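To start, the structure itself, in structure tokens.
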Amino acid sequence: MHKFGRIIMALALPLGAAGAWAQQTPAPTAAAAPPPGPGLDLINERCGFCHTTAQVFQKRRSEADWAATVQGMADRGAEVSPDEIKTITAYLAAHYAAAPGAAAAAPPPAGGR
């Protein structure tokens, strides 16, 4: 075999192996839809102005961390009443709590969104 042919084979083998591995790897599943409730309605109505709601549902935090996060968003201009803050916090703590024993997530920095 010519030198050029060996180079082509050396390059093609890893690509073939990668293709076979990709076919065996299951596709990522879509995230489950958030559970319904008044907190979800408020999140959809109020939180999507500055960031996607998907960003909210990717997080897992303790109730205290959710309370600090939601209050921080209100302090930065999110239009939510004190009662709505409680409703949103309760919803997030019930459905998006941190796993037991997980390290506490730091609230977002005061200057950013």
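Summary of computed values
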read-out	value
Boolean, residue 40 is on the phi < 0 side of the Ramachandran plot and at pLDDT 60 or above	yes
Per-region count, the range 67-102, residues assigned to a helix (DSSP H, G or I) and among the hydrophobic types (A, V, I, L, M, F, W, C)	11
Residue match in the range 59-66 (condition: under 16 Å from the mean Cα position of the chain (by Cα) and at pLDDT below 95)	yes
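The values are calculated or read from the model by the stated rules, or taken from the named source; none is laboratory data. Since the model is a prediction, treat every value here as computed from it, not as a measurement.
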